Amino acid sequence: MKQRKLRVTVEGKQYEVMVEDITSGERTSSGPAPRAAREPVAQAPAAPPPKPAAAPSGPAGQEARIAPLAGIVTSVYVKEGSVVNAGDKVVEIEAMKQKNDVVAHRAGTVKDILVKEGDPVESAQVLMSIV
């Protein structure tokens, strides 16, 4: 069996591994199985979860409401100047044929709406400011 030494990058860390081609199904020896076949493969240590990003702030200290996921804006429920409470629906985003409500993260007045129905949005894109 042919073995190759490869370098693999997992979550930014590089590992050198030995890889054996077993697609032919033939064994060249009748001895015990190779060590790699008898022992479980060691897994790379899990990376710590990323720290949550702080909500971006708009101009002059206005707090921005950001998109929690990428998709298409299907509804904007508020207008500039609307007064909202924390938890009120402000936008609806469709992603993978599922509609997701985006709610106000704080009570305040809606300013600077940056999206309209039909706009594509990316995750963490600023949708509007609520001051």
- Within segment 102-118, can you find the residues that are among the acidic types (Asp, Glu) and at pLDDT 95 or above? Glu117
- Going through segment 71-123 in order, the residues found to be among the small types (Gly, Ala, Ser), over 22 Å from the mean Cα position of the chain (by Cα) and not in a loop (DSSP other than H, G, I, E, B) are Ser75, Gly108
- Just checking, how many residues over segment 113-124 are without any contact (Cβ under 8 Å) to a residue 60 or more places away in the chain, surrounded by fewer than 16 Cβ atoms within 10 Å (Cβ to Cβ) and farther than 9 Å from Val73 by Cα? 3
- Query: So which residues in segment 91-112 are among the basic types (Lys, Arg) and buried (at least 18 other Cβ atoms within 10 Å of the Cβ)?
  - Reply: Lys111
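The values are calculated or read from the model by the stated rules, or taken from the named source; none is laboratory data. The structure displayed is predicted, hence computed values, not measured ones. Positions of Cβ are backbone-derived with ideal geometry, glycine not excepted, and every protein chain shown enters the neighbour counts.
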